[in-house]
C-alpha cells in the first residue's frame, strides 16, 4: 500500500519520517523503533500517535513510500 510521508532532515541530512497519510487519516510519528538499509530500499519501523506500529519501505530511486506492516495491539 502506498502512503504519503512527511519527513524531517536531521543534522546529518538523512530524512526521517514524521507524519504519515493513509487515505484521509493522518498519523504523527512518536518514535522511530528501528531503521535499516536493504539492497534497494530504506526501512523504518515506527510507532504512531495511535499506538500502532508501522513498517515503511522507501524506494529512494523512485521516491516512493510503501506501508509493509501495520500492527495494532489492543490488549
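Every number here is computed from the coordinates shown, using simple stated rules; none is lab data. Computed from a prediction, not measured in an experiment: that's the story for all the values here. So basically every Cβ, Gly included, is an ideal-geometry build from the backbone, and we count neighbours across all protein chains shown.
Details
- Simple label model, 7 Å out from Cα along Cβ direction - residue 8 to residue 59, nm: 2.8
- Cβ-to-Cβ counts within 10 Å put 45, 4 in ascending order as 4, 45, the fewest first.
- Between residue 70 and residue 25, residue separation times 0.36 nm minus the direct Cα-Cα distance comes to 14.8 nm.
- Against the rule of thumb 2.2 N^0.38 Å, how large the Cα Rg of the stretch 4-71 comes out: 1.03
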